Number of protein chains: 2
Amino acid sequence: MVPLFRSLIQGNLDMDTPLSSRPPDTEASRAGHSLDRALRLEPTPGQPDRSTGRTSPEYWNMVGPFGGVTAATVLKAVLDHPERLGLPVALTVNFVAAIAEGAYAVEVRPVRTNRSTQHWVIEISQVDEAGVSHVVLTGTALTAVRRDTWSEAELGMPKVLPPTEVSRAASPAIEWFNRYELRPLVGNVPAQWDGSQHDSLSQLWVRDDPPRALDFPALAAMADIFFPRVWLRRAVHTPVGTVSLTVYFHADEAMLARAGTDCLLAQARGQGYFKGFHDQTAQLWSTGGDLLVTTHQAVYYKA
Amino acid sequence: MVPLFRSLIQGNLDMDTPLSSRPPDTEASRAGHSLDRALRLEPTPGQPDRSTGRTSPEYWNMVGPFGGVTAATVLKAVLDHPERLGLPVALTVNFVAAIAEGAYAVEVRPVRTNRSTQHWVIEISQVDEAGVSHVVLTGTALTAVRRDTWSEAELGMPKVLPPTEVSRAASPAIEWFNRYELRPLVGNVPAQWDGSQHDSLSQLWVRDDPPRALDFPALAAMADIFFPRVWLRRAVHTPVGTVSLTVYFHADEAMLARAGTDCLLAQARGQGYFKGFHDQTAQLWSTGGDLLVTTHQAVYYKA
């Protein structure tokens, strides 16, 4: 969620939009889903590690794209790589500078391939007006062949109201919020910015809008769906930006297929806030109770 | 803790070693602390991003060095870099292959320096018998100038017995364990490998042995102090290895100085175990109750 500023704070977060059965998005069915448009990458001929993307106005944040979609883009680049082995296990991306509107170059390099695991080094760069290329994102990923073996979610899904019984959050004046159906359960953006202290726990239902069958890039994007914990903790206007995001995947394609186009339960909380940076630890479950993702981030805040 | 195998499982984990006042380690005072010996890096003349280290027999694990010391080594390389800005905020290291006994090359490159933050790309490589260089670790780090501002540990330290009232764990037949004073509170290595199910929560007191004033590399090492959660969860002999470790630092030098040479309270638990990889989420507090580190890892397991 890098970076989100006052417009979200000042946006309309009324929760009176009713749940409705949604007609098929015919534009989406003609042109592909908005997420697929945002993740589109043009391969660089003869250079399997390199491709080119463009920021999507549909996922625009305040001064750059929604960080979750950027994470999803580099993960998709890994998954599309001709040498890719296995499924995503771990992804870390560092938002080292705001990504400017327009084109960017993605490099995903398989730096080590073992028998059943593969390690990736990731970089996004952009060329400035003077023609100089600058790194705007660094990262690493691990993909691995998943083997049928003992598996278990030790952390059970919290018992919460089903999505059908939870009002949808209206969108603030941030474009990417319109790409998600968000149904807050507890710990929504504070209604009053009054400096009151809150537990930073948030729980919400989330899915793409329009609904889209779950895949790994969509999961990576939703790992970054939360507004910053420092807002909830303090109820104070605070400029923020995610600086590092780590996603651990606990799912294979069969589990994603079970999740389908249903909402996911998303839960986040902060643990430590120290001199300008705080953490966030979060989980995503399918409606059926599968723990799909555990995820963590470091967030800059200017208190 | 990459990788730990049967010797630890079969080791002597009696908890009957009494707490004693420790005489000064005169060898350590002559030759430096064992941790400082392990972290020693030889700069590469004219190449500020590069240095050379050697695996330390004092921190040897089963088939490679203790992963925590490797994480500490690359963090130290960042901190020693002549262009380094600020203090550590986030560190991610990926253990992409077992590190062989002997020399290795460390590269820590400041890929982007902003006004108050700096992003690093990290790599360790080793030359094999055929003279070919192989990447054995990848990583990224963020350092930043810490500003005095609102700070808080939302996650309070658990109420536990003080270190003086907790027996020390005897060391198993793993060399690096002898470099730490470990006082388990709950969730120690299972006494019986009987397939019983346990909550994966562990809490223990830990410090360097001999005691050493806390710094950021020591903290990075202790972030990896835990035995793998899958052992505790299942009480089944399981080969394991950490594949990715992320550390978020919530401390500055003043807070480290307050922690001094006292024990830290270390807490870890697993959340998801899926087809060969599980996560771990953990925290380290000073004896005085400061939350110093939140940390996460992805662990390979062969069930």
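Of everything listed in (1) away from chain A (no Cβ under 13 Å); (2) without any contact (Cβ under 8 Å) to a residue 40 or more places away in the chain; (3) within 30 Å of A:F274 (Cα to Cα); (4) of a type in the set (G, A, S), the single unmet condition for B:A77 is (2).
Yes/no per residue for (1) surrounded by 22 or more Cβ atoms within 10 Å (Cβ to Cβ); (2) in contact with an Asp or Glu (Cβ under 6 Å, 6 or more places away or on another chain); (3) touching a residue at least 12 places away in the same chain (Cβ under 8 Å):
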{"position": "B:D224", "(1), (2), (3)": "yes, no, yes"}
{"position": "B:A235", "(1), (2), (3)": "no, yes, yes"}
{"position": "B:P239", "(1), (2), (3)": "no, no, yes"}
{"position": "B:T246", "(1), (2), (3)": "yes, no, yes"}
{"position": "B:T261", "(1), (2), (3)": "no, no, yes"}
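State the number of residues belonging to segment B:211-221 that are touching a strand residue (DSSP E or B) at 6+ places or on another chain (Cβ under 8 Å) and in a loop (DSSP other than H, G, I, E, B).
2
In a residue-by-residue description of segment A:175-192, the property of being closer than 27 Å to A:T149 by Cα and more than 12 Å from chain B (Cβ to nearest Cβ) applies to no position.
Listed conditions (1) of a type outside the set (F, W, Y); (2) more than 8 Å from every other protein chain (Cβ to nearest Cβ); (3) surrounded by 21 or more Cβ atoms within 10 Å (Cβ to Cβ) are all met by A:A254, apart from (3). Before we move on, is A:A72 in a strand (DSSP E or B), crowded, with 24+ Cβ neighbours inside 10 Å and at negative phi? Spelling it out, it is not the case that A:A72 is in a strand (DSSP E or B), crowded, with 24+ Cβ neighbours inside 10 Å and at negative phi. Scanning for something more than 14 Å from every other protein chain (Cβ to nearest Cβ) and at pLDDT 95 or above, does segment B:139-148 turn up at least one residue? The answer is no, given that none of the residues of segment B:139-148 is more than 14 Å from every other protein chain (Cβ to nearest Cβ) and at pLDDT 95 or above. Of the residues in segment B:53-64, at least one is in contact with a Pro (Cβ under 8 Å, 6 or more places away or on another chain) and of a type in the set (G, A, S). Pairing residues of segment B:264-292 that are within 10 Å of chain A (Cβ to nearest Cβ) with residues that are of a type in the set (K, R) and part of a loop (DSSP other than H, G, I, E, B), at Cβ distances under 9 Å and at least 6 apart in sequence or on separate chains, gives B:F274/A:R146; B:K275/A:R146; B:K275/A:R147; B:G276/A:R146; B:G276/A:R147; B:G276/B:K302; B:F277/A:R146.
Return the total of residues in segment B:161-178 being of a type in the set (A, V, I, L, M, F, W, C) and closer than 14 Å to B:M62 by Cα.
So the answer is 4.
Of all the numbered requirements in (1) aromatic (F, W, Y); (2) within 20 Å of B:V93 (Cβ to Cβ); (3) more than 8 Å from chain A (Cβ to nearest Cβ), B:Y248 misses one, and that requirement is (3). Among residues of segment A:106-133 that are touching a residue at least 24 places away in the same chain (Cβ under 8 Å) and more than 10 Å from every other protein chain (Cβ to nearest Cβ), those with a beta-carbon under 7 Å from a residue that is assigned to a loop (DSSP other than H, G, I, E, B) and surrounded by fewer than 20 Cβ atoms within 10 Å (Cβ to Cβ) at least six positions away or on a different chain give the pairs A:V106/A:L41; A:V108/A:H81; A:P110/A:H81; A:P110/A:E83; A:Q126/A:A100.
I'm trying to understand the selection: among the residues of segment B:85-110, which are touching an Asp or Glu at 6+ places or on another chain (Cβ under 8 Å) and farther than 22 Å from B:N61 by Cα? Scanning segment B:85-110 gives B:L87, B:E107, B:V108, B:R109, B:P110.
Take the conditions (1) touching an Asp or Glu at 6+ places or on another chain (Cβ under 9 Å); (2) modelled with pLDDT of 95 or more; B:A169 misses just one of them, which is (2). Considering every residue within segment B:165-173, establish whether at least one is within 16 Å of the chain's Cα centre (by Cα) and not basic (K, R). No: zero hits. Here A:A303 meets the list (1) within 7 Å of another protein chain (Cβ to nearest Cβ); (2) of a type in the set (A, V, I, L, M, F, W, C); (3) crowded, with 24+ Cβ neighbours inside 10 Å almost entirely, failing just condition (3).
Close contacts from segment A:156-170, counting a first residue that is closer than 23 Å to B:Q271 by Cβ and a second that is aromatic (F, W, Y), with Cβ to Cβ under 6 Å and a gap of 6+ residues or different chains, come to A:M157/A:W285; A:P163/A:W205.
Yes/no per residue for (1) hydroxyl-bearing (S, T, Y); (2) more than 14 Å from the chain's Cα centre (by Cα):
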| position | (1), (2) |
| --- | --- |
| A:P163 | no, yes |
| A:E181 | no, no |
| A:Q192 | no, yes |
| A:S200 | yes, yes |
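The residues on offer are A:P45, A:P65, A:P57, and the sole one that is touching a residue at least 24 places away in the same chain (Cβ under 8 Å), surrounded by fewer than 18 Cβ atoms within 10 Å (Cβ to Cβ) and either over 26 Å from B:V247 (Cβ atoms) or more than 9 Å from chain B (Cβ to nearest Cβ) (or both) is A:P57. A count restricted to segment B:114-133 and to residues that are within 17 Å of A:A298 (Cα to Cα) and over 26 Å from the mean Cα position of the chain (by Cα) stands at 2. The set of residues in segment B:239-296 that are part of a strand (DSSP E or B) and of a type in the set (D, E, K, R) comprises B:R269, B:D279.
The values are calculated or read from the model by the stated rules, or taken from the named source; none is laboratory data. Since the model is a prediction, treat every value here as computed from it, not as a measurement. Cβ coordinates were reconstructed from backbone atoms using ideal geometry, including for glycine residues, and neighbour counts include every protein chain displayed.
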